[in-house]
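J.: Got a structure here, written out as structure tokens. Questions coming.
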Amino acid sequence: MKESLYRTIRLLEEAGGPVSGEVLAERLGVTRAAVWKQIQELREQGYGILASQKDGYTLVQSSGRLLPYEVKKHLKTRVIGRQITYLPTTPSTNDVARWLAAGGDPAMLHGTVVIAEEQTGGVGRLKRAWVSPEGGVWITIILKPTLPIDHVFMITMAGAVAIARAIRREFDLGAMIKWPNDIYIGDKKVAGLLLELAAEADTIHYCLLGIGIDVNIDPSELSPGLQRAVTTIQAELEHEVDRAKFLARLLREFERHYDLLESQEYDAILREWRSMSCTLDQHVHVNTLTKSFQGEAIDIDEYGALLIRKENGRVERVIAGDLSHP
Ligand code: BTN
């Protein structure tokens, strides 16, 4: 959205009632015809604006989109989300973020958030398709971590804690974390994370943290298979929510936990992760690239690995794998 549009919407918001075309034109330093054109563009962005000959323009409904202006209105971070790349539709925000990071200076891009209203080729773990219709929160955060490379997986832990906390605090829903990177409400998945790393030897060039959350989505729009496995915030609350406010809260939670990571306060994150985990103390089936086994999930360590006590009493450490809680 162009800067001039932000100024127009800000004026309408601040007025809290009708503003004449004449006043808007004067404040914006443009003609009344240009004001009319801007109003049309704002309506196309989802804003509800009434126009009357007598009173002028009145903002009656905010845009339900995740426009940078709407997110930044609520944003209380220092770095994360201060730069936003917004796309109405794209195959995958991860592709866009990768393209930005690979073609630019990752240190300058640190904290940039790529947002899409809809993804046409969203990707989940193990290259599975990630269904991403309008109404969800589909984002990728570009990071240039300075933490030791063997702790990089903890970024997923920090992200999971941030999502679960944001859902709990914003909506009072009992979100739980399933190792390694799923967020559940009850027995259904509501969100997932995907960490992508560009590294060489011990140097991390950049990380991409992809986050997908089913927010304002009516489950009946999803396939029957997905409906059995997935829930949405809208389904849990039985109404739609303010996604921009929620995303701002999520980015703040993430920044707070990412800062803890960078200052190597791993224990603080692990404590929160454990308190919201639905994996610990469960009997689980594990599938890794090389083997499958079962046991009791007893803890996670400061590298983000899951510790599983097998029936023979031996403890296995799993850093990557698929898990099912039978
Ligand atoms: C999972 O399998 O649970 C991880 C899902 C991650 C989906 C998000 S949506 C935003 C970003 N773009 C993608 O294509 N994938 C991630």
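The values are calculated or read from the model by the stated rules, or taken from the named source; none is laboratory data. As the structure is a computational prediction, the values presented were derived from the model and not from experiment. No Cβ is skipped: glycine too gets one built from the backbone with ideal geometry, and neighbour counts run over all protein chains shown.
J.: Looking at the range 14-32, which of the residues that are touching a strand residue (DSSP E or B) at 6+ places or on another chain (Cβ under 6 Å) and not β-branched (V, I, T) is nearest to S62 (Cα to Cα)?
T.: P18
J.: Pull out all pairs, ordered by first then second residue, where Cβ-Cβ is under 7 Å, the residues are six or more apart or on different chains, the first lies in the range 233-255 and is at pLDDT 95 or above, and the second is of a type in the set (S, T, Y) and surrounded by fewer than 24 Cβ atoms within 10 Å (Cβ to Cβ).
T.: Matching pairs, first to second residue: L251/T77; R252/T77; E255/T77.
J.: Contact list please: Cβ distance under 7 Å, first residue in the range 149-169 and assigned by TED's automatic domain parsing to the domain that holds T203 and touching a residue at least 60 places away in the same chain (Cβ under 8 Å), second residue surrounded by fewer than 18 Cβ atoms within 10 Å (Cβ to Cβ) and part of a helix (DSSP H, G or I), pairs at least six apart or on different chains.
T.: Final answer for the pair search is none.
J.: Next up: Would you confirm, using the coordinates I've provided, whether T203 is out of contact with any helix residue (DSSP H, G or I) (no Cβ under 6 Å at 6 or more places or on another chain), under 20 Å from V152 (Cβ atoms) and either surrounded by fewer than 15 Cβ atoms within 10 Å (Cβ to Cβ) or modelled with pLDDT of 95 or more (or both)?
T.: Numbers: out of contact with any helix residue (DSSP H, G or I) (no Cβ under 6 Å at 6 or more places or on another chain): yes; under 20 Å from V152 (Cβ atoms): yes; either surrounded by fewer than 15 Cβ atoms within 10 Å (Cβ to Cβ) or modelled with pLDDT of 95 or more (or both): yes.
When the stated conditions are applied, T203 passes them.
J.: I'd like to know if the range 241-248 contains one or more residues that are over 19 Å from the mean Cα position of the chain (by Cα) and either outside any helix (DSSP H, G or I) or among the hydrophobic types (A, V, I, L, M, F, W, C) (or both).
T.: No.
J.: Still on this structure: Tell me which of these P133 doesn't satisfy, since it passes every other one: (1) more than 9 Å from the ligand (Cβ to nearest atom); (2) farther than 23 Å from L66 by Cα.
T.: (2)
J.: OK, next. Identify all residues within the range 10-27 that are assigned to a helix (DSSP H, G or I) and more than 34 Å from the chain's Cα centre (by Cα); write none if there are none. Spell out the reasoning first.
T.: Going through the range 10-27, the residues assigned to a helix (DSSP H, G or I) turn out to be 10-15, 21-27.
Within the range 10-27, G21, E22, V23, L24, A25, E26, R27 meet the criteria.
J.: Report yes if some residue within the range 226-236 is within 12 Å of the ligand (Cβ to nearest atom) and not hydroxyl-bearing (S, T, Y); otherwise report no.
T.: Checking the range 226-236: at least one residue is within 12 Å of the ligand (Cβ to nearest atom) and not hydroxyl-bearing (S, T, Y).
J.: Is there a residue being more than 25 Å from S277 (Cα to Cα) and in a loop (DSSP other than H, G, I, E, B) anywhere in the range 194-201?
T.: Yes, some residue in the range 194-201 is more than 25 Å from S277 (Cα to Cα) and in a loop (DSSP other than H, G, I, E, B).
J.: Within the range 194-205, take every residue that is within 18 Å of the chain's Cα centre (by Cα) and not charged (D, E, K, R) and give me the one that is nearest to the ligand (Cβ to nearest atom).
T.: Looking only at the range 194-205, we keep the residues that are within 18 Å of the chain's Cα centre (by Cα), and these are 194-197.
Next, from what is left, pick out any that are not charged (D, E, K, R): 194-195, 197.
Working: L194: 4, L195: 9, L197: 14 Å.
Checked the range 194-205; the qualifying residue nearest to the ligand (Cβ to nearest atom) is L194.
J.: Follow-up. If you check A102 against the conditions, is it more than 12 Å from the ligand (Cβ to nearest atom), assigned by TED's automatic domain parsing to the domain that holds R249 and of a type in the set (A, V, I, L, M, F, W, C)?
T.: yes
J.: Would you mind stating whether T89 is in a strand (DSSP E or B) and within 14 Å of the ligand (Cβ to nearest atom)?
T.: yes
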